1. Being free of Cβ contacts under 8 Å to residues at least 40 places away in the same chain and among the β-branched types (Val, Ile, Thr) is the filter here; which residues of the range 24-65 pass it?
2. Go through the range 1-42 and give me each residue that's of a type in the set (Lys, Arg) and either surrounded by 14 or more Cβ atoms within 10 Å (Cβ to Cβ) or under 34 Å from the mean Cα position of the chain (by Cα) (or both).
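The numbers here are math on the coordinates, done by the rules we state, and not lab data. Values in this document were obtained by computation on a predicted structure and should not be read as measured data. Cβ placement follows ideal geometry from the backbone for every residue including glycine, while neighbour counts extend to all protein chains displayed.
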Amino acid sequence: MRKPFSTIIYALMIAIGLMAMYSILNAGNPKSFWRPYFPDTTSDVYLAMGLSVAVFVLGFVVFYMRDKEGFKQLIEMNADRIRGQRKGKNRRGNRRLYPVCHGKFQRISTQYG
């Protein structure tokens, strides 16, 4: 994940998370910070739910970005091995062994292709 983008996402998660916590703990309070913006106390529950969903969505964005970056690094580290396996060779340069059953391995005959 790019550094400025990840910093912005984490800052948004913290800010929206704090607002969600405040709105959950002060739902229905007549002296709430949200009262000038939302005069009706029933809107506090909807506001808390909306902020919680926003934090949840941002969490998925962070998870997706970190997961995607990890897979790219893993593929770059193992690029030679992956190319070798695509050609049908294992690490030692031999033909691949395939699992048959009960943990035993046997070579696949080449008469079928």
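1. Ile24, Thr41, Thr42, Val45, Val53, Val57
2. Residues satisfying the conditions are Arg2, Lys3, Arg35.
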